[in-house]
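Asks: I'd like to ask some things about the structure below.
The values are calculated or read from the model by the stated rules, or taken from the named source; none is laboratory data. What you are looking at is a predicted structure, and each value in this text was computed from that prediction instead of being measured. Every residue, glycine as well, gets a Cβ built from its backbone with ideal geometry; the counts of neighbours run over all protein chains shown.
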2 protein chains.
Amino acid sequence: MPILIPVILSGGSGTRLWPLSRQRRPKQFLPLVSERTMLQETYLRTTELRDLVRQPIVVCNEDHRFLVGEQMREVGARARIVLEPAGRNTAPAIGVAAWLAIEPGHTASEAAGGEAEEGTASRGASEADDADKDPLLLVLPADHFIKDTRAFLQAVRIGMEAATKGYLVTFGIVPNRPETGYGYVRKGAPGEEKAAWYRLEEFVEKPDLQRAERYVKSGEYLWNSGMFLFSARRYLEELGRHAPDIAAACERAAHEAVVDGDFTRLGRAFLTSPSDSIDYAVMEKTESAAVVPLDAGWSDIGSWLALHDILDKDAQGNVLRGEVIAEGCRDCYVSSSDRLVALVGVDGCVVVDTADAVLVMRREAAQDVKRVVEALKRTGSSRL
Amino acid sequence: MPILIPVILSGGSGTRLWPLSRQRRPKQFLPLVSERTMLQETYLRTTELRDLVRQPIVVCNEDHRFLVGEQMREVGARARIVLEPAGRNTAPAIGVAAWLAIEPGHTASEAAGGEAEEGTASRGASEADDADKDPLLLVLPADHFIKDTRAFLQAVRIGMEAATKGYLVTFGIVPNRPETGYGYVRKGAPGEEKAAWYRLEEFVEKPDLQRAERYVKSGEYLWNSGMFLFSARRYLEELGRHAPDIAAACERAAHEAVVDGDFTRLGRAFLTSPSDSIDYAVMEKTESAAVVPLDAGWSDIGSWLALHDILDKDAQGNVLRGEVIAEGCRDCYVSSSDRLVALVGVDGCVVVDTADAVLVMRREAAQDVKRVVEALKRTGSSRL
C-alpha cells in the first residue's frame with residue numbers, strides 16, 4: 001500500500017484579491033469561501049484520505065511562517081513547515097520537499113555529514129518500509145478551491161495507480177468554459193486498459209479565444225491545474241534528468257536544511273537553484289507524464305469575479321458578507337469588515353471594504369485590480 | 001437706509017447626504033463644496049453686504065448649539081444663536097427671529113415683566129432709529145449653495161426695494177431644468193415701473209414632469225427657494241393676520257426667551273406653536289407677496305447627484321476627494337475619509353467613505369439613500 005505525503009505549496013503572493021489579499025497575507029491565508037482559510041481547506045481535504053496520508057509538508061516563504069504555523073495548529077495539523085528564504089518557483093520547492101519526504105529527520109549536523117543517494121537506499125526492506133522510503137507526493141497549491149471533495153479524492157486514488165507505476169501525474173481540470181487565462185494539457189490514450197488516467201500528450205500555452213473554444217469542444221483538453229501526484233524518487237529522477245542544476249541545488253538544500261522545532265529552514269543552497277516551474281522543468285519534458293481528469297468544481301479564485309462565481313448567491317445574484325445593506329442591487333459581491341456598506345441601485349459590482357482601503361469595481365474589470373496594485377507600488381503605499 | 005439682519009435657518013436634519021450627513025451633523029455643518037461649511041458660506045455671503053448688514057440670527061436645534069457656535073466663531077461671526085427645543089418648521093422660527101430683531105437684549109427677568117407690543121413702539125425717532133426698530137430680515141436656509149455671490153447680492157438689493165415698501169419678498173430661482181422635486185412660484189407684473197421685482201401671483205406644488213416642462217418653457221415660473229426678505233414688523237403683521245396661533249406663540253416665546261451668553265434659549269411657549277412653513281402660513285395667503293428672480297447657480301444640494309452636478313470635474317467627469325485611485329472610471333463622485341478608495345471600471349457612481357459606513361450608489365438612485373436611512377432607523381443603528 002503506497003503512502004501519500006501532501007506537499008502544500010503556500011508560496012503565492014498574489015494581489016489579485018486586493019485589498020483583502022496583501023503582500024503580508026496572500027489569499028491562501030484568507031477564509032475566502034468558508035470559515036477556514038484556503039490553506040486550511042487544502043490540508044483538511046487531504047485528511048479525508050485517512051490512513052493513506054502522512055504528515056504534510058508545507059512550503060512557504062519565511063515571512064509567512066507564523067501564519068502557516070498558526071493556521072495549521074488551528075486545524076490540528078502537525079505539518080512540516082519548510083521555509084524558503086526566497087521563492088524559486090515550483091520545481092525547486094517540490095524538489096526539496098521530495099528529498100525531505102525520502103529522508104525526514106535531518107538536522108543541521110547530520111546534513112553536514114552523510115549524503116544519501118537515491119540508488120543506495122536499501123531495497124530489501126518490507127513493503128511498508130519501501131512505501132515509507134518512496135512515498136507518493138500529492139502536490140497541491142494552497143490557494144485553490146475544490147467544491148466536490150469526493151470527486152477530488154476519487155481522482156487522487158486514480159492518480160495513485162499511475163504514480164505507483166512510475167508516472168508523473170498532473171490533474172487536468174475538465175473545462176466548463178473557453179478560458180484564455182489558463183494553460184491546457186491534451187490527454188492521450190488511457191494509461192492501461194479501462195484506466196481512468198491517460199498519457200499526457202501535450203502542454204499548450206494560454207490559447208486565444210477561438211482556440212480555447214475548440215479545445216473545450218474537443219473533449220481532449222483539460223486545464224493545467226498545478227496539482228500533481230508522483231513518487232518522490234521518480235520526481236527527483238526526472239528532475240535530475242531534465243533540470244540537473246535544479247536537482248543538484250535541491251539535494252544540497254535539503255541536506256543543509258536546518259530543522260528547528262516547527263520549521264525546516266532552507267539556506268543559501270536553495271537560493272543557488274534556477275527559478276523554474278515544474279511544468280517547464282519536468283512535466284513538459286518527461287516521457288512519463290500522465291493526466292487524471294478532475295471534474296470537482298475547481299477554481300483557482302484568480303480574481304474577485306472568480307470568487308463571486310463560486311459562491312452561493314441570493315435571489316438577486318448578490319453575495320453579501322458582513323454588515324451590508326443592498327437596495328435594488330443585482331449580481332454584486334460585497335464584503336464589509338467592520339463598517340456598514342450600503343449599496344443602492346448598483347448592478348454587477350464588487351465592493352470590498354477593509355480597515356485601510358475600499359475597492360469598488362465592475363465585475364468585468366476584475367483583472368484590472370492589478371492596475372491599482374501597480375499604482376500603489378509606484379507610490380510605495382502601505383496599502384499593499 | 002434700511003438695515004438688514006440675516007436670519008439663518010439651521011434647523012435642518014436631512015439625511016439625504018448620508019453617510020456624510022448624520023442626525024448629529026446635518027449637511028449645513030459640512031464643508032461640502034468649499035473648505036467652509038454650508039452654514040459658514042451662507043453667513044459669509046451676507047457679510048458682502050457690508051454696512052447694510054447687522055449681527056445675524058441663527059436659529060437651530062438645541063443639540064447643534066456648539067456646532068453652530070464653533071462654526072460661527074471660526075469665521076469671526078458674532079451671531080445671535082437662537083435655540084429651538086424642538087423644530088416647528090419655518091413660520092415660527094422666523095416669527096421668533098422677527099421679535100428678537102425688533103427687541104434685542106431681552107433677558108429672562110425683563111421678559112417676565114414688560115410685554116412690548118408692535119403698535120406701541122415710538123414712531124418719532126430718527127430714521128436710523130426707525131431702521132433699527134424695523135430691520136429687514138434676510139431669511140436664508142443654512143444649507144443652500146449659491147455659486148454667483150454677486151448675482152445673489154444684486155437680488156438682495158432688489159428685494160430690499162420691495163421689502164421697504166412693505167412687500168414680503170421670496171427669491172425665485174430661475175429654473176434650468178424641469179425639476180419635479182421643487183415647488184414653483186409664478187411671477188406676475190413688475191412691482192412698479194421698471195422694477196426687477198414682481199408681484200407673486202401663485203404658489204404651485206411640485207408638478208409632474210409634463211407640467212414642469214411647461215413651467216420652465218413659459219419663463220413665468222421660478223423655483224420656490226425658501227429664501228425671503230421682508231421687514232420684521234410686516235412679517236409679524238401678516239403672521240398675526242393669517243396664522244394668529246403661531247404669531248401669539250412666537251411673541252410669547254420671544255419674550256420668555258432666556259439669553260445666556262452666546263445662546264438665546266426658547267422655552268415651552270415656543271413648543272405651543274403649531275408647526276407650519278412660512279409658505280403655507282404666510283406667503284401663500286398674504287396680499288403683499290413679491291418675488292425677485294435669482295439666477296445665481298443655486299442648489300439646495302438635496303442629494304449626492306446634486307452635489308456632484310455643481311462641483312468642478314476632471315476630464316472624465318469625476319470628482320475625487322481624499323485618497324482615491326480611479327482606473328477607467330467616468331462620471332463618479334468619490335469621497336474618502338481616512339482610507340484609500342480604489343475605483344476600477346465604474347461609471348456614474350457615488351462612493352462616500354466615512355469612519356463607520358461606506359455608500360456605493362448609482363448616481364441616478366441618489367434619492368434612494370432614504371431607503372438605506374429608513375432601514376437603519378428600523379434597526380436602531382448607530383450609523384444614523
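Asks: Starting from residues that are among the polar types (S, T, N, Q) and in contact (Cβ under 8 Å) with a residue 60 or more places away in the chain, keep the ones in segment B:229-285 and report whichever is farthest from B:Cys60 (Cα to Cα).
Replies: Let us first name the residues in segment B:229-285 that are among the polar types (S, T, N, Q), namely B:231, B:264, B:272-273, B:275, B:277.
After this cut, where a residue has to be in contact (Cβ under 8 Å) with a residue 60 or more places away in the chain as well, the list is B:231, B:264, B:273, B:275, B:277.
Details: B:Ser231: 21, B:Thr264: 10, B:Ser273: 16, B:Ser275: 15, B:Ser277: 15 Å.
By that ranking, first place goes to B:Ser231.
Asks: Filter segment B:139-188 down to residues that are among the acidic types (Asp, Glu) and buried (at least 24 other Cβ atoms within 10 Å of the Cβ), then give me how many there are. Walk me through it before giving the result.
Replies: Applying the first criterion (among the acidic types (Asp, Glu)) to segment B:139-188 yields B:143, B:148, B:161, B:179.
Retained after the next criterion (residues that are buried (at least 24 other Cβ atoms within 10 Å of the Cβ)): B:143.
Of the residues in that region, 1 qualify.
Asks: Only residues that are of a type outside the set (A, V, I, L, M) and in a loop (DSSP other than H, G, I, E, B): list them for segment A:289-318, please. Don't jump to the end; show me each part of the working.
Replies: Filtering segment A:289-318 down to residues of a type outside the set (A, V, I, L, M) leaves A:293, A:295, A:297-300, A:302-304, A:308-309, A:312-314, A:316-318.
If the condition is that a residue be of a type outside the set (A, V, I, L, M) and in a loop (DSSP other than H, G, I, E, B), then A:Asp295, A:Gly297, A:Asp300, A:Gly302, A:Ser303, A:Asp312, A:Lys313, A:Asp314, A:Gln316, A:Gly317, A:Asn318 are the ones that fit.
Asks: Let me ask something else. Return only the number of the condition from (1) within 14 Å of chain A (Cβ to nearest Cβ); (2) touching a Phe, Trp or Tyr at 6+ places or on another chain (Cβ under 8 Å) that B:Ser303 does not satisfy.
Replies: Among (1) within 14 Å of chain A (Cβ to nearest Cβ); (2) touching a Phe, Trp or Tyr at 6+ places or on another chain (Cβ under 8 Å), B:Ser303 violates only (2).
Asks: I've got another one for you. I want to confirm something. Restricting to segment A:325-336 and keeping residues that are in a strand (DSSP E or B) and either closer than 16 Å to B:Ala365 by Cβ or out of contact with any strand residue (DSSP E or B) (no Cβ under 9 Å at 6 or more places or on another chain) (or both), which single residue is farthest from the other protein chains (Cβ to nearest Cβ)? Explain how you work it out, then say what you get.
Replies: If we filter segment A:325-336 for residues that are in a strand (DSSP E or B), which is where we start, we get A:325-327, A:330, A:333-335.
If we keep only those that are either closer than 16 Å to B:Ala365 by Cβ or out of contact with any strand residue (DSSP E or B) (no Cβ under 9 Å at 6 or more places or on another chain) (or both) as well, we get A:325-327, A:330, A:334.
Numbers: A:Ile325: 5, A:Ala326: 9, A:Glu327: 5, A:Arg330: 12, A:Val334: 8 Å.
Restricting to residues being in a strand (DSSP E or B) and either closer than 16 Å to B:Ala365 by Cβ or out of contact with any strand residue (DSSP E or B) (no Cβ under 9 Å at 6 or more places or on another chain) (or both), the top hit is A:Arg330.
Asks: Here's another thing I want to ask about it. Identify, by number, the condition in (1) touching a Lys or Arg at 6+ places or on another chain (Cβ under 7 Å); (2) buried (at least 16 other Cβ atoms within 10 Å of the Cβ) that A:Gln55 doesn't meet.
Replies: Result: A:Gln55 fails condition (2) only.
Asks: Looking at (1) surrounded by 24 or more Cβ atoms within 10 Å (Cβ to Cβ); (2) at pLDDT 95 or above, which is the one condition that is false for B:Val369?
Replies: (2)
Asks: Considering each of A:Ser275, A:Ser303 in turn, give the residue that is within 30 Å of A:Gly348 (Cα to Cα), hydroxyl-bearing (Ser, Thr, Tyr) and out of contact with any strand residue (DSSP E or B) (no Cβ under 7 Å at 6 or more places or on another chain).
Replies: On the way: A:Ser275 fails: within 30 Å of A:Gly348 (Cα to Cα).
None of the other options fit; the residue is A:Ser303.
Asks: Condition check: modelled with pLDDT of 95 or more and in a strand (DSSP E or B). Does B:Val282 satisfy that?
Replies: Details: modelled with pLDDT of 95 or more: yes; in a strand (DSSP E or B): no.
Here the answer is no, as B:Val282 does not meet what is asked.
Asks: Limited to segment A:367-384, what total is found for residues that are more than 7 Å from chain B (Cβ to nearest Cβ) and either assigned to a loop (DSSP other than H, G, I, E, B) or under 23 Å from B:Leu17 (Cα atoms) (or both)?
Replies: In the first step, residues of segment A:367-384 are kept if they are more than 7 Å from chain B (Cβ to nearest Cβ); the result is A:367, A:370, A:373-374, A:376-382, A:384.
Those still in the list that are either assigned to a loop (DSSP other than H, G, I, E, B) or under 23 Å from B:Leu17 (Cα atoms) (or both) too: A:379-382, A:384.
Count: 5.
Asks: Taking A:Val319 as the residue in question, decide whether it is at pLDDT 95 or above, more than 9 Å from chain B (Cβ to nearest Cβ), farther than 19 Å from B:Cys329 by Cα and buried (at least 18 other Cβ atoms within 10 Å of the Cβ). First the steps, then the outcome.
Replies: Working: at pLDDT 95 or above: yes; more than 9 Å from chain B (Cβ to nearest Cβ): yes; farther than 19 Å from B:Cys329 by Cα: yes; buried (at least 18 other Cβ atoms within 10 Å of the Cβ): yes.
Yes, satisfied.
Asks: Can you name every residue in segment B:337-366 that is assigned to a helix (DSSP H, G or I) and surrounded by 16 or more Cβ atoms within 10 Å (Cβ to Cβ)?
Replies: Residues satisfying the conditions are B:Arg363, B:Ala365, B:Ala366.
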